[in-house]
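**Q** One structure, as structure tokens, below. Some questions next.
What follows is calculated from the coordinates using simple rules that are stated; it is not laboratory data. Note that the coordinates shown come from a computational prediction; the quantities given were computed from them, not determined experimentally. Cβ atoms come from the backbone with ideal geometry, glycine included; neighbour counts cover every protein chain shown.
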Amino acid sequence: MSASRPVRRVDRQALQGLAHPLRVQLYDALVSEGAATASELGRRLGESSGSTSYHLRQLERHGFVETDPARGTGRERWWRATEEDLRTRGADFEDDPSAAEAYRILDTEWARSRRGRHESWRASRREWPMPWREAAGESTSHLRLDVEETAELMAEVVALMSSWAERTDGRDGDPRYRSVEVQANVFPNGRPPGVSTD
């Protein structure tokens, strides 16, 4: 097993550098699909390579992406996401309206990206070989938990995903492996405590 991936808690300055719709999409694409050039990302996202290059450099400035030294030539620069797990919490930014808005943009774009990839899988799954269709799945559970148990559950989910990330590190470029996305949302249902149902 490889060493634990570093965890980066996104601070206000880094948040401002990431909280742009195209930057979130670029970062998300590099995390979910691996290294790519600005031109390739531009084609994938419907943007010019000039625009993607500019925003990739901004992401690099804030430490979210880096050049992939194993790929590319003098004129062709390959980008990859830095090897760290990002952690953000909206509660960390609620006392600063500018930071709270930046977090809202980030959160909205990440949710849109997750939904988009899930919808793409659902639309194309009949085109995948049967072993992949049988291996993939969807599950929803409804549990009766208090706030401490909810936090404990979320921590266990994060720890499980981190252990799998460590176990599978270094598989880029091997055609036997695909990027597999695990989406886990842990949240309370219904109205917040103290909010009338009238």
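**Q** How large is the charge dipole for the chain, taken about the Cα centre, if only the Cβ atoms of Lys, Arg (+1) and Asp, Glu (-1) carry charge, to the nearest 20 debye?
**A** The dipole magnitude comes to about 840 debye.
**Q** Can you give the local net charge around GLU109? Use residues other than it whose beta-carbon is closer than 12 angstrom to its beta-carbon, Lys and Arg +1, Asp and Glu -1. The partial results should precede the final answer.
**A** On the way: positive: ARG23, ARG104, ARG112, ARG114, ARG115; negative: ASP28, ASP107.
Net local charge, GLU109 excluded: +3.
**Q** Find how much the distance from LEU143 to ARG89 grows on full extension, using 0.36 nm per residue of separation minus their present alpha carbon separation; answer in nm with one decimal. Let's see the in-between values first.
**A** Numbers: separation 54, 0.36 × 54 = 19.44 nm, distance 2.29 nm.
Full-extension gain reported as 17.2 nm.
**Q** With a sphere of radius 9 Å drawn around the Cβ of GLY63, what net charge do the other residues whose Cβ falls strictly inside it have (Lys, Arg +1; Asp, Glu -1)?
**A** Numbers: positive: ARG8, ARG61; negative: GLU60, GLU66, GLU84.
My count for the surroundings of GLY63 gives -1.
**Q** With springs connecting C-alpha atoms under 10 Å apart, model the chain as a Gaussian network and identify which of GLN16, GLN58, GLN183 has the largest mean-square fluctuation.
**A** Checking each option, the largest mean-square fluctuation is seen for GLN183.
**Q** OK, next. Which one of GLU166, GLU148, GLU76 has the biggest mean-square fluctuation once the chain is modelled by GNM with Cα springs under 10 Å?
**A** GLU148
**Q** What are the membrane-span-like helices in the chain by this rule: whole DSSP H runs, Cα extent along the axis at least 27 Å, mean Kyte-Doolittle hydropathy at least 0.0?
**A** Details: long enough: 97-124 (40 Å, -1.28); 147-167 (30 Å, 0.29).
Qualifying helices, which must be both long enough and hydrophobic enough, are 147-167.
**Q** I want to verify the translational diffusion coefficient of the chain in µm²/s; compute it with Stokes-Einstein, Rh as the Kirkwood radius over Cα pairs, at 4 °C and 1.567 mPa s.
**A** Numbers: Rh = 19.2 Å.
The Stokes-Einstein estimate is 68 µm²/s.
**Q** Tell me what the chain gives for mean residue ellipticity at 222 nm when only DSSP H runs of n ≥ 4 count, each as -39,500 (n - 2.57), the sum divided by the residue total, rounded to 500 deg cm²/dmol. Intermediate results must be reported in sequence, preceding the final value.
**A** Details: 7 runs with 96 residues, N = 198.
Here the helix-only value at 222 nm equals -15500 deg cm²/dmol.
**Q** Go ahead and set up a Gaussian network model of the chain, Cα springs under 10 Å, then flag whichever of TRP79, TRP128, TRP164 fluctuates most.
**A** Maximum fluctuation in the GNM of the chain, among the listed residues, is at TRP128.
**Q** Take the Cα of GLU76, step 7 Å along the line toward its Cβ, and report every residue of the stretch 15-46 whose backbone nitrogen sits under 11 Å from that point.
**A** Backbone N within reach: 37, 40.
**Q** Follow-up. Putting +1 on Lys and Arg Cβ atoms and -1 on Asp and Glu Cβ atoms, find which of ALA29, LEU59, PRO97 reaches farthest to the positive end of the dipole of the stretch 7-135.
**A** Sorting the options by dipole projection puts first ALA29.
**Q** At 25 °C and 0.890 mPa s, grab the translational diffusion coefficient of the stretch 1-115 from Stokes-Einstein with a Kirkwood Rh over Cα pairs, rounded to a whole number in µm² per second. Please report the intermediate quantities before stating the final value.
**A** Details: Rh = 14.7 Å.
Here the translational diffusion coefficient equals 167 µm²/s.
**Q** Could you tell me which of SER49, ALA136, TRP164 has its Cα farthest along the dipole of the chain towards the positive end, charges placed at Cβ (Lys, Arg +1; Asp, Glu -1), taken about the Cα centre?
**A** SER49
**Q** Going by Cα centres, the stretch 33-49 and the stretch 175-194 are how many Å apart?
**A** One Cα centre to the other: 26 Å.
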